[in-house]
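I have placed the structure first, in the form of structure tokens, so that the comments after it can refer back to it.
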Amino acid sequence: MKHQTNINDIELVINRNRLCLFYVKAPDCGVCNVMFSKVGSLTEDYPQLVSFYTDITEEPLIASRFLIYSAPTVLLILDGKEVYRSSQFIDLKELERKIGQLIQFCDL
């Protein structure tokens with residue numbers, strides 16, 4: 001997963017790619033770090049998926065732009081629109097199923 005720290009760069013990645021996974025974590029968050037490695041491993045199986053992450057404290061505008069109130073948060077974004085969100089307790093099986101469905105649906 002690529003690290004993004006600027007809201008403009010994040011918007012650019014989303015606009016240039018059909019399917020994105022955006023992971024948002026917080027500093028000193030144990031759950032965020034554990035889930036980050038697990039979500040990162042999961043995304044390696046899907047080369048069609050552009051994945052990136054940020055630390056919510058690096059750019060406060062991210063929280064307001066994406067309506068993120070807690071960490072960790074995972075967003076799946078298809079054609080610039082949020083199609084899936086999971087916060088705090090991320091169900092990896094559900095996330096993987098949703099990624100698979102989107103890839104199959106969009107013929108990626």
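Where a number appears in this text, it was derived from the coordinates with a stated rule and is not lab data. The structure displayed is predicted, hence computed values, not measured ones. Neighbour counts are summed over all protein chains in view; Cβ atoms, including those assigned to glycine, are modelled from backbone coordinates with ideal geometry.
Summary table
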{"quantity": "Test: residue in segment 29-37 that is in a strand (DSSP E or B), over 11 Å from the mean Cα position of the chain (by Cα) and exposed (fewer than 12 other Cβ atoms within 10 Å of the Cβ)", "calculated": "no"}
{"quantity": "Top-ranked residue of segment 38-51 - restricted to ones that are part of a helix (DSSP H, G or I) and of a type in the set (A, V, I, L, M), ranked as farthest from the chain's Cα centre (by Cα)", "calculated": "Leu42"}
{"quantity": "Every pair of residues 6+ apart whose Cβ atoms lie under 8 Å, when the first sits in segment 94-105 and is without any contact (Cβ under 8 Å) to a residue 60 or more places away in the chain while the second is among the hydroxyl-bearing types (Ser, Thr, Tyr)", "calculated": "Glu94/Ser86; Leu95/Tyr84; Leu95/Ser86; Lys98/Tyr84"}
{"quantity": "Per-region count, segment 63-86, residues free of Cβ contacts under 8 Å to residues at least 24 places away in the same chain and among the basic types (Lys, Arg)", "calculated": "2"}
{"quantity": "Single match in Ser64, Ser86 (criterion: in a strand (DSSP E or B) and of a type in the set (Ser, Thr, Tyr))", "calculated": "Ser86"}
